[in-house]
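The block underneath contains the structure these notes are about, expressed in structure tokens.
Please treat every number below as a calculation from the coordinates, not as lab data. Here the structure is a predicted model, which means the values were calculated and not measured. Cβ atoms come from the backbone with ideal geometry, glycine included; neighbour counts cover every protein chain shown.
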């Protein structure tokens, strides 16, 4: 079986230090974007935290629907953290664009043109995942967890603990919903096939439940609310890889075809 290769120009290879400099540059842009988002959101810190706390407050008893802070600086740092979290969400388009732009030198020229759509869809998928956690998982999870309250055991959630809990879940659900898009990218570049995903489905199921148990509170309801969508997203990813995966580079005689363009590599 013959394989035709296209000569690679020496200029296509970039020193490792160039990639480090590129990474530093893009990290600085990301930090600046998050910083600007943080400053913009800090002006509305009260409203933002009230919005984040709605699912919990709605699940508390009517005569005890408030939160507490036990440290002198707890409320201040809670507002800083919630402003930082909101700043991350506000700067997501910039963050994802910088991520895909950093990866782009290793892609084909046609693949580089999709950087902007990748950034947009990455943002939409992340927000969709966080919204699923906020509007679906939070109400069910809090209702279950607060259901253990009795006449002698009253819930008094603190600002610090709740924000830490909410931040972890929102970011986790946002990242989980990126699975189909990541699969699409890997399938288009030929690094992943639907056969590989199908073959390792049983391992993914185990990983999904273990990861859900680690990222969610120790209750079955919340774990299932994360593991269930994760398994559905996996099946969607299999379909995405099958439809959009790179076709084998073979012609009718069985010989490998020429690649359109050599994929850039770094020394």
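Structure values in brief
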item	result
Sorted by Cβ neighbour density within 10 Å, fewest at the top, the residues 19, 194	19, 194
Taking 246, 26, 154, 202 and counting other C-beta atoms within 10 Å, the order from fewest to most	202, 154, 246, 26
Inter-part distance where segment 105-159 and segment 46-64 are each reduced to a Cα centre, Å	17
Residue 47-residue 167 pseudo-label distance in nm [points 7 Å out on the Cα-to-Cβ vector]	2.2
Chain lengthening between residue 75 and residue 231 when straightened (0.36 nm per residue, less Cα-Cα)	52.4 nm
Residue 246 versus residue 29: modelled label distance in nm, points set 7 Å from Cα along the beta carbon direction	2.5
Kirkwood hydrodynamic radius of segment 176-244, from inverse mean 1/r over distinct Cα pairs, in Å	12.4
Exposure proxy order (Cβ contacts within 10 Å, fewest to most) of 100, 66	66, 100
Shape parameters for segment 20-70, alpha-carbon atoms, Rg then Dmax in Å	17.9, 57
At R0 = 22 Å, FRET efficiency that the Cβ-Cβ distance of residue 150 and residue 220 yields, to 0.05	0.60
Ratio of Rg to Rh over segment 43-111 (Cα coordinates, Kirkwood Rh, two decimals)	1.25
P(r) of segment 6-157 over all Cα-Cα pairs, binned every 5 Å from zero, in whole percent	2, 8, 12, 14, 15, 13, 10, 8, 7, 5, 4, 2, 1, 1, 0, 0
Global size of segment 123-177 as Cα Rg and Dmax, reported in angstrom	13.3, 45
Peptide ranges 168-174, 77-83 listed from the most packed, as the mean C-beta count within 10 angstrom indicates	168-174, 77-83
